[in-house]
1. If I stretch the segment between R125 and K285 completely, what's the gain in nm (0.36 nm per residue apart, minus their alpha carbon distance), one decimal?
2. Could you look at the stretch 275-324 and say what percent of its accessible area is carbon and sulfur, using a 1.4 Å probe and all protein chains?
3. Label S83 and R307 with points 7 Å out from Cα along Cα→Cβ: what is the distance between them in nm?
4. What Kirkwood hydrodynamic radius, in Å, does the stretch 1-156 give when the mean of 1/r is taken over all pairs of distinct Cα atoms and then inverted?
5. Would you kindly state how much longer the chain becomes between A271 and Q230 on full extension, computed as 0.36 nm times their sequence separation minus their alpha carbon distance, in nm to one decimal?
6. Roughly how many Å² is the accessible area per residue of the chain, as a whole number, for a 1.4 Å probe?
7. Output needed for the stretch 275-324: three equivalent-ellipsoid semi-axes, defined as square roots of 5 times the C-alpha gyration tensor eigenvalues, in descending order, whole Å.
8. Of the accessible area of the stretch 45-179, with the probe set at 1.4 angstrom, what percent is carbon plus sulfur?
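The values are calculated or read from the model by the stated rules, or taken from the named source; none is laboratory data. Since the model is a prediction, treat every value here as computed from it, not as a measurement. Please note: Cβ atoms are built from the backbone with ideal geometry, for glycine as well, and neighbour counts cover all protein chains shown. Just the protein is used for accessible areas: all its heavy atoms, side chains included, with ligands, DNA and RNA removed. Shrake-Rupley method; radii C 1.70, N 1.55, O 1.52, S 1.80 Å.
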Amino acid sequence: MAELPGDLSAALDEALSGADPAALSRSVQKLIHRYRDGFDPAERMVLASAADVAAYAAYRMPATYAAVVAALERSAELLPGFSPRTHVDVGAGTGAAVWAAAEVWPSIAETTVLEQAPEAISFGRRLAGRADSPAVRDARWRRTVIAGPVRRPAADLVTMAYVLGELPPQVRADAVRSLAAGSGLVVLVEPGTPAGYERIAAARDLLIELGLSVVAPCPHDRACPVPRGQDWCHFAERLNRTALHRRIKVGTLGFEDEKFCYVAAARGARARAAGRVVRRPVRRKGLVSLRLCTEADGMADATVSKRQGEAYRAARKTEWGAPWPPLPRGGS
Ligand SMILES: C[S@@+](CC[C@H](N)C(=O)[O-])C[C@H]1O[C@@H](n2cnc3c(N)ncnc32)[C@H](O)[C@@H]1O
(Lines give C-alpha, C1' and ligand atoms only; values in the text may rest on other atoms or scores of the structure.)
Protein backbone atom coordinates (compact mmCIF):
# COMPACT_ATOMS: atom_id res chain seq x y z
CA MET A 1 0.00 0.00 0.00
CA ALA A 2 1.50 3.34 -1.07
CA GLU A 3 1.77 6.01 1.62
CA LEU A 4 2.45 9.71 1.37
CA PRO A 5 5.70 10.69 3.08
CA GLY A 6 5.15 12.34 6.46
CA ASP A 7 6.26 15.82 5.38
CA LEU A 8 3.94 15.88 2.34
CA SER A 9 1.05 14.52 4.35
CA ALA A 10 1.59 17.18 7.06
CA ALA A 11 1.93 19.93 4.44
CA LEU A 12 -1.35 18.88 2.78
CA ASP A 13 -3.17 18.67 6.11
CA GLU A 14 -1.98 22.15 7.02
CA ALA A 15 -2.77 23.69 3.62
CA LEU A 16 -6.27 22.16 3.61
CA SER A 17 -7.05 22.68 7.30
CA GLY A 18 -8.96 25.90 6.72
CA ALA A 19 -11.00 24.56 3.79
CA ASP A 20 -14.69 23.90 4.23
CA PRO A 21 -15.22 20.15 3.48
CA ALA A 22 -18.61 20.84 1.86
CA ALA A 23 -17.12 23.43 -0.52
CA LEU A 24 -14.15 21.12 -1.23
CA SER A 25 -16.55 18.30 -1.96
CA ARG A 26 -18.46 20.46 -4.47
CA SER A 27 -15.20 21.41 -6.22
CA VAL A 28 -14.10 17.76 -6.25
CA GLN A 29 -17.38 16.74 -7.92
CA LYS A 30 -16.86 19.46 -10.52
CA LEU A 31 -13.31 18.24 -11.25
CA ILE A 32 -14.41 14.59 -11.38
CA HIS A 33 -17.05 15.48 -13.99
CA ARG A 34 -14.59 17.49 -16.05
CA TYR A 35 -12.07 14.65 -16.13
CA ARG A 36 -14.67 11.89 -16.58
CA ASP A 37 -16.72 13.58 -19.30
CA GLY A 38 -13.64 14.42 -21.30
CA PHE A 39 -11.68 17.58 -20.97
CA ASP A 40 -11.63 19.96 -23.91
CA PRO A 41 -8.11 21.43 -24.06
CA ALA A 42 -9.54 24.50 -25.79
CA GLU A 43 -11.40 25.33 -22.56
CA ARG A 44 -9.90 27.56 -19.94
CA MET A 45 -7.64 26.04 -17.30
CA VAL A 46 -9.04 23.22 -15.17
CA LEU A 47 -7.23 24.47 -12.07
CA ALA A 48 -8.38 28.06 -12.47
CA SER A 49 -9.48 28.94 -8.92
CA ALA A 50 -8.06 28.43 -5.44
CA ALA A 51 -11.03 26.12 -4.71
CA ASP A 52 -10.24 23.95 -7.77
CA VAL A 53 -6.60 23.69 -6.71
CA ALA A 54 -7.44 22.77 -3.10
CA ALA A 55 -9.86 20.12 -4.40
CA TYR A 56 -7.19 18.76 -6.76
CA ALA A 57 -4.61 18.61 -3.98
CA ALA A 58 -7.02 16.83 -1.64
CA TYR A 59 -8.44 14.23 -3.97
CA ARG A 60 -5.91 13.74 -6.80
CA MET A 61 -2.44 14.68 -5.57
CA PRO A 62 -1.97 11.63 -3.26
CA ALA A 63 -2.92 9.34 -6.16
CA THR A 64 -0.77 11.06 -8.81
CA TYR A 65 2.12 11.11 -6.31
CA ALA A 66 1.77 7.33 -5.79
CA ALA A 67 1.62 6.65 -9.55
CA VAL A 68 4.67 8.80 -10.28
CA VAL A 69 6.69 7.22 -7.46
CA ALA A 70 5.84 3.78 -8.89
CA ALA A 71 6.88 4.77 -12.44
CA LEU A 72 10.13 6.34 -11.18
CA GLU A 73 10.96 3.36 -8.94
CA ARG A 74 10.42 0.97 -11.84
CA SER A 75 12.79 3.13 -13.91
CA ALA A 76 15.37 3.40 -11.10
CA GLU A 77 15.62 -0.37 -10.70
CA LEU A 78 16.81 -0.60 -14.31
CA LEU A 79 19.21 2.33 -13.96
CA PRO A 80 21.24 1.46 -10.87
CA GLY A 81 23.96 3.98 -11.69
CA PHE A 82 21.60 6.86 -12.47
CA SER A 83 21.82 9.59 -9.91
CA PRO A 84 20.19 12.73 -11.31
CA ARG A 85 21.22 16.14 -9.98
CA THR A 86 18.75 18.26 -11.94
CA HIS A 87 15.02 17.73 -12.47
CA VAL A 88 12.43 19.59 -14.52
CA ASP A 89 8.73 18.81 -13.97
CA VAL A 90 6.37 20.00 -16.68
CA GLY A 91 2.71 20.74 -15.91
CA ALA A 92 3.40 20.25 -12.24
CA GLY A 93 0.00 21.19 -10.82
CA THR A 94 0.55 21.20 -7.05
CA GLY A 95 3.91 19.43 -7.41
CA ALA A 96 3.23 15.70 -6.99
CA ALA A 97 6.08 14.67 -9.33
CA VAL A 98 8.50 17.09 -7.65
CA TRP A 99 8.00 15.31 -4.32
CA ALA A 100 8.02 11.89 -6.00
CA ALA A 101 11.32 12.44 -7.81
CA ALA A 102 13.02 13.71 -4.64
CA GLU A 103 11.77 10.62 -2.81
CA VAL A 104 13.15 8.19 -5.41
CA TRP A 105 16.39 10.09 -6.12
CA PRO A 106 17.67 12.04 -3.11
CA SER A 107 20.61 12.99 -5.40
CA ILE A 108 18.41 15.70 -6.99
CA ALA A 109 19.73 19.10 -5.97
CA GLU A 110 18.05 21.49 -8.43
CA THR A 111 14.42 21.39 -9.44
CA THR A 112 12.59 23.54 -11.96
CA VAL A 113 8.81 23.40 -11.99
CA LEU A 114 6.76 24.55 -14.98
CA GLU A 115 3.02 25.13 -14.67
CA GLN A 116 0.42 27.38 -16.27
CA ALA A 117 -2.03 27.89 -13.40
CA PRO A 118 -1.00 30.65 -10.95
CA GLU A 119 -3.21 29.21 -8.18
CA ALA A 120 -1.57 25.79 -8.56
CA ILE A 121 1.87 27.39 -8.42
CA SER A 122 1.06 29.25 -5.25
CA PHE A 123 -0.45 26.16 -3.55
CA GLY A 124 2.42 23.93 -4.77
CA ARG A 125 5.01 26.39 -3.49
CA ARG A 126 3.35 26.53 -0.12
CA LEU A 127 3.40 22.73 0.16
CA ALA A 128 7.00 22.54 -1.07
CA GLY A 129 8.06 25.01 1.62
CA ARG A 130 7.28 22.27 4.19
CA ALA A 131 9.41 19.59 2.52
CA ASP A 132 12.36 17.93 4.25
CA SER A 133 14.18 17.75 0.89
CA PRO A 134 16.07 20.95 0.02
CA ALA A 135 15.49 20.20 -3.70
CA VAL A 136 11.72 20.36 -3.15
CA ARG A 137 11.89 23.31 -0.72
CA ASP A 138 14.08 25.40 -3.01
CA ALA A 139 12.46 24.39 -6.32
CA ARG A 140 12.09 27.21 -8.85
CA TRP A 141 8.45 27.53 -9.91
CA ARG A 142 7.90 29.20 -13.29
CA ARG A 143 4.66 30.11 -14.94
CA THR A 144 4.74 28.51 -18.42
CA VAL A 145 1.98 27.87 -20.90
CA ILE A 146 2.86 24.97 -23.21
CA ALA A 147 1.74 25.78 -26.74
CA GLY A 148 4.45 23.89 -28.63
CA PRO A 149 8.02 22.91 -27.70
CA VAL A 150 8.56 23.34 -23.96
CA ARG A 151 11.20 25.95 -23.14
CA ARG A 152 13.09 24.58 -20.18
CA PRO A 153 16.60 24.12 -18.81
CA ALA A 154 18.49 20.93 -19.68
CA ALA A 155 18.06 18.36 -16.93
CA ASP A 156 19.11 14.86 -15.93
CA LEU A 157 15.47 13.98 -15.28
CA VAL A 158 12.38 15.39 -17.01
CA THR A 159 8.89 14.38 -15.90
CA MET A 160 5.43 15.21 -17.22
CA ALA A 161 2.60 13.55 -15.32
CA TYR A 162 -1.10 13.62 -16.21
CA VAL A 163 -0.58 16.51 -18.61
CA LEU A 164 -0.56 15.15 -22.20
CA GLY A 165 -4.34 14.71 -22.13
CA GLU A 166 -4.80 18.37 -21.26
CA LEU A 167 -2.65 19.59 -24.14
CA PRO A 168 -4.27 20.22 -27.51
CA PRO A 169 -3.53 17.14 -29.69
CA GLN A 170 -1.53 19.20 -32.20
CA VAL A 171 0.81 20.40 -29.40
CA ARG A 172 1.57 16.98 -27.88
CA ALA A 173 4.23 15.77 -30.34
CA ASP A 174 6.18 19.06 -30.18
CA ALA A 175 6.01 19.01 -26.40
CA VAL A 176 7.28 15.40 -26.20
CA ARG A 177 10.06 16.11 -28.71
CA SER A 178 11.23 19.05 -26.64
CA LEU A 179 11.33 16.91 -23.49
CA ALA A 180 13.61 14.39 -25.21
CA ALA A 181 16.20 17.00 -26.15
CA GLY A 182 18.81 17.78 -23.49
CA SER A 183 17.60 15.34 -20.88
CA GLY A 184 18.92 12.13 -19.36
CA LEU A 185 15.74 10.29 -18.49
CA VAL A 186 12.26 11.32 -19.67
CA VAL A 187 9.27 9.94 -17.76
CA LEU A 188 5.70 10.47 -18.92
CA VAL A 189 2.69 9.33 -16.89
CA GLU A 190 -0.98 9.36 -17.90
CA PRO A 191 -4.22 7.98 -16.44
CA GLY A 192 -4.56 4.19 -16.82
CA THR A 193 -7.39 4.42 -19.35
CA PRO A 194 -7.48 3.36 -23.02
CA ALA A 195 -7.11 7.04 -23.99
CA GLY A 196 -4.19 7.54 -21.58
CA TYR A 197 -2.53 4.43 -23.03
CA GLU A 198 -2.94 5.74 -26.61
CA ARG A 199 -1.21 8.99 -25.64
CA ILE A 200 1.64 7.12 -23.93
CA ALA A 201 1.98 4.71 -26.88
CA ALA A 202 2.22 7.65 -29.32
CA ALA A 203 4.80 9.39 -27.10
CA ARG A 204 6.77 6.13 -26.81
CA ASP A 205 6.91 5.78 -30.61
CA LEU A 206 8.12 9.34 -30.88
CA LEU A 207 10.81 8.97 -28.20
CA ILE A 208 12.14 5.82 -29.94
CA GLU A 209 12.10 7.63 -33.29
CA LEU A 210 14.20 10.36 -31.67
CA GLY A 211 16.86 7.82 -30.70
CA LEU A 212 15.90 7.14 -27.07
CA SER A 213 15.29 3.65 -25.83
CA VAL A 214 12.65 2.53 -23.37
CA VAL A 215 13.81 1.95 -19.80
CA ALA A 216 10.40 0.91 -18.43
CA PRO A 217 7.84 -0.55 -18.57
CA CYS A 218 8.57 -2.16 -21.98
CA PRO A 219 11.38 -4.73 -22.13
CA HIS A 220 12.05 -3.74 -25.77
CA ASP A 221 11.85 -0.90 -28.29
CA ARG A 222 9.75 -2.88 -30.77
CA ALA A 223 6.16 -2.05 -31.68
CA CYS A 224 3.90 -2.37 -28.63
CA PRO A 225 2.36 -5.88 -28.80
CA VAL A 226 -0.83 -4.91 -26.91
CA PRO A 227 -3.75 -5.60 -29.29
CA ARG A 228 -5.05 -2.13 -30.07
CA GLY A 229 -8.71 -1.50 -29.37
CA GLN A 230 -8.99 -4.66 -27.25
CA ASP A 231 -6.62 -3.98 -24.38
CA TRP A 232 -4.35 -1.33 -22.97
CA CYS A 233 -1.10 -1.50 -21.02
CA HIS A 234 -1.56 -0.03 -17.57
CA PHE A 235 -0.57 -0.54 -13.95
CA ALA A 236 -2.10 0.23 -10.55
CA GLU A 237 -1.01 1.51 -7.16
CA ARG A 238 -3.15 0.98 -4.07
CA LEU A 239 -3.11 3.87 -1.63
CA ASN A 240 -4.71 4.71 1.67
CA ARG A 241 -7.37 7.39 1.57
CA THR A 242 -7.08 10.08 4.20
CA ALA A 243 -10.08 10.90 6.42
CA LEU A 244 -10.53 14.20 4.55
CA HIS A 245 -10.40 12.36 1.22
CA ARG A 246 -13.18 10.00 2.37
CA ARG A 247 -15.30 12.95 3.44
CA ILE A 248 -14.92 14.97 0.24
CA LYS A 249 -15.04 12.17 -2.30
CA VAL A 250 -18.07 9.97 -2.56
CA GLY A 251 -16.90 6.46 -1.70
CA THR A 252 -16.39 4.80 1.63
CA LEU A 253 -13.46 2.48 0.98
CA GLY A 254 -10.35 3.18 3.01
CA PHE A 255 -8.17 2.79 -0.07
CA GLU A 256 -8.22 3.37 -3.81
CA ASP A 257 -6.41 1.88 -6.77
CA GLU A 258 -4.83 4.50 -8.97
CA LYS A 259 -4.50 3.14 -12.49
CA PHE A 260 -1.82 4.68 -14.65
CA CYS A 261 0.17 4.25 -17.87
CA TYR A 262 3.75 5.39 -18.25
CA VAL A 263 6.88 5.35 -20.34
CA ALA A 264 10.43 6.11 -19.25
CA ALA A 265 13.10 6.50 -21.94
CA ALA A 266 16.74 7.50 -22.12
CA ARG A 267 19.59 7.59 -24.61
CA GLY A 268 22.16 4.80 -24.75
CA ALA A 269 22.18 1.03 -24.56
CA ARG A 270 21.61 -0.68 -21.24
CA ALA A 271 20.61 -3.99 -19.76
CA ARG A 272 16.89 -4.61 -19.68
CA ALA A 273 14.38 -6.77 -17.92
CA ALA A 274 13.53 -9.84 -20.07
CA GLY A 275 9.85 -9.26 -19.41
CA ARG A 276 7.32 -7.37 -17.30
CA VAL A 277 4.22 -8.44 -15.42
CA VAL A 278 1.37 -6.55 -17.08
CA ARG A 279 -1.61 -7.88 -15.08
CA ARG A 280 -2.23 -8.61 -11.43
CA PRO A 281 -0.70 -12.10 -10.91
CA VAL A 282 -3.26 -14.86 -10.29
CA ARG A 283 -2.19 -17.10 -7.40
CA ARG A 284 -3.74 -20.51 -6.91
CA LYS A 285 -2.65 -23.47 -4.83
CA GLY A 286 0.80 -24.43 -6.10
CA LEU A 287 0.54 -22.22 -9.21
CA VAL A 288 1.07 -18.58 -10.17
CA SER A 289 -0.17 -17.32 -13.56
CA LEU A 290 1.57 -14.29 -15.02
CA ARG A 291 0.61 -12.19 -18.03
CA LEU A 292 3.88 -10.85 -19.38
CA CYS A 293 5.18 -8.45 -22.00
CA THR A 294 8.44 -10.01 -23.20
CA GLU A 295 11.26 -9.03 -25.46
CA ALA A 296 11.25 -12.41 -27.22
CA ASP A 297 7.54 -13.24 -27.64
CA GLY A 298 5.56 -10.04 -27.17
CA MET A 299 2.56 -10.69 -24.90
CA ALA A 300 2.88 -14.11 -23.28
CA ASP A 301 1.32 -16.09 -20.44
CA ALA A 302 3.49 -18.00 -18.01
CA THR A 303 2.45 -20.45 -15.34
CA VAL A 304 4.96 -21.04 -12.58
CA SER A 305 4.38 -24.14 -10.47
CA LYS A 306 5.58 -25.15 -7.05
CA ARG A 307 7.89 -27.70 -8.68
CA GLN A 308 9.93 -24.78 -10.04
CA GLY A 309 11.27 -24.03 -6.57
CA GLU A 310 13.02 -20.68 -6.58
CA ALA A 311 11.06 -19.33 -9.58
CA TYR A 312 7.82 -20.25 -7.78
CA ARG A 313 8.89 -18.47 -4.61
CA ALA A 314 9.73 -15.39 -6.71
CA ALA A 315 6.40 -15.61 -8.57
CA ARG A 316 4.51 -15.73 -5.24
CA LYS A 317 6.11 -12.42 -4.34
CA THR A 318 6.03 -10.66 -7.72
CA GLU A 319 3.61 -7.84 -8.44
CA TRP A 320 1.75 -6.26 -11.32
CA GLY A 321 4.32 -3.94 -12.92
CA ALA A 322 7.45 -5.79 -11.74
CA PRO A 323 10.17 -7.07 -14.08
CA TRP A 324 10.03 -10.82 -14.74
CA PRO A 325 12.14 -12.77 -14.06
CA PRO A 326 13.19 -10.60 -11.12
CA LEU A 327 16.28 -8.50 -11.72
CA PRO A 328 19.49 -9.68 -10.08
CA ARG A 329 19.89 -8.00 -6.69
CA GLY A 330 21.44 -4.57 -7.04
CA GLY A 331 19.67 -3.86 -10.36
CA SER A 332 19.94 -4.88 -14.01
C1 LIG B 1 -4.03 16.75 -14.12
S2 LIG B 1 -2.97 18.04 -13.66
C3 LIG B 1 -1.47 17.13 -13.25
C4 LIG B 1 -0.65 17.83 -12.24
C5 LIG B 1 0.56 17.06 -11.74
N6 LIG B 1 1.52 16.84 -12.79
C7 LIG B 1 0.16 15.77 -11.08
O8 LIG B 1 0.56 14.71 -11.58
O9 LIG B 1 -0.57 15.81 -10.07
C10 LIG B 1 -2.50 18.76 -15.20
C11 LIG B 1 -1.65 19.99 -15.02
O12 LIG B 1 -1.14 20.39 -16.28
C13 LIG B 1 -1.24 21.78 -16.37
N14 LIG B 1 -1.35 22.15 -17.78
C15 LIG B 1 -2.32 21.77 -18.65
N16 LIG B 1 -2.13 22.35 -19.86
C17 LIG B 1 -1.00 23.11 -19.74
C18 LIG B 1 -0.30 23.95 -20.63
N19 LIG B 1 -0.71 24.16 -21.88
N20 LIG B 1 0.81 24.58 -20.17
C21 LIG B 1 1.24 24.41 -18.90
N22 LIG B 1 0.60 23.62 -18.00
C23 LIG B 1 -0.50 22.97 -18.42
C24 LIG B 1 -2.53 22.10 -15.63
O25 LIG B 1 -2.60 23.47 -15.26
C26 LIG B 1 -2.45 21.16 -14.47
O27 LIG B 1 -1.76 21.71 -13.40
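1. Gain in length upon complete extension: 52.6 nm.
2. Details: 1380 of 2900 Å².
Result for the stretch 275-324: 48 percent of the exposed heavy-atom area is carbon or sulfur.
3. Spacing of the two 7 Å Cα→Cβ label points: 4.7 nm.
4. Values: mean 1/r = 0.0619 Å⁻¹.
For the stretch 1-156, the Kirkwood estimate is 16.2 Å.
5. The span from A271 to Q230 would gain 11.7 nm if fully extended.
6. Accessible area per residue: 45 Å².
7. Semi-axes from the Cα gyration tensor: 17, 11, 9 Å.
8. 49 percent
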